[in-house]
Amino acid sequence: MQIILSFFLYSQAAFQALRYAGWVILAVSIVFLIVPMYEFRKKGREIMGRTTVLITSGSYGVVRHPIYLSFMVLSLALLLITQHWLIAIMGIVGMVLSYAAALIEDSELVEKFGEDYEVYMHRVPRINFLLGVIRLVGRRMRE
């Protein structure tokens, strides 16, 4: 709904610097969405949309929930592009719901993969991309 409303609420009378930043962030969010979906299909041994294998490399080696992160970044991009209060409210709600979904999925994946997922949870942050990159670089330097 936020995406559709953004087309109708787009206004030229906005701060252009924020709008340009929003377009750049939108491009990043699309990459954050496409890359993990590709990795999931390539590495995941999918059965009915669910993986039977714990994926811990690629974007999943940086954050545990890159697709939810992409939804959150997309909401921020739409807010910056449209600069409309309704999009801001919908974006905040969307971000909170995406984070809640990541929390629920963590619980489900602990049940599914057990100790392997708990180790993964300690090594890779839920959605904090910067911390994930720092930890990944640290792991690579130790290897």
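Annotations for the structure displayed:
- Scanning region 64-91 for residues being more than 28 Å from residue 136 (Cβ to Cβ), part of a helix (DSSP H, G or I) and either in contact with a Phe, Trp or Tyr (Cβ under 8 Å, 6 or more places away or on another chain) or without any contact (Cβ under 8 Å) to a residue 12 or more places away in the chain (or both) gives a total of 5.
- Considering (1) loosely packed, with under 15 Cβ neighbours inside 10 Å; (2) among the aliphatic types (A, V, I, L, M); (3) touching a helix residue (DSSP H, G or I) at 6+ places or on another chain (Cβ under 7 Å), the lone condition that residue 136 does not fulfil carries the number (1).
- For region 92-108, a residue qualifies if it is over 18 Å from residue 22 (Cβ atoms) and free of Cβ contacts under 8 Å to residues at least 24 places away in the same chain, and the qualifying residues are 93, 96, 97, 100, 103, 104, 107, 108.
- Residue list for region 115-143, filter: of a type in the set (Lys, Arg) and in contact with a Leu (Cβ under 9 Å, 6 or more places away or on another chain): 126
- All positions within region 7-33 that are over 13 Å from residue 73 (Cα atoms) and at pLDDT 85 or above: 15, 16, 17, 18, 19, 20
- Of the candidates 103, 109, the single residue that is aliphatic (A, V, I, L, M), assigned to a helix (DSSP H, G or I) and closer than 21 Å to residue 130 by Cα is 103.
The values are calculated or read from the model by the stated rules, or taken from the named source; none is laboratory data. What you see is a predicted model, and the numbers here were worked out from it, not measured in a lab. Using ideal geometry, Cβ is built from the backbone for each residue, glycine included, and neighbour counts are taken over all protein chains shown.
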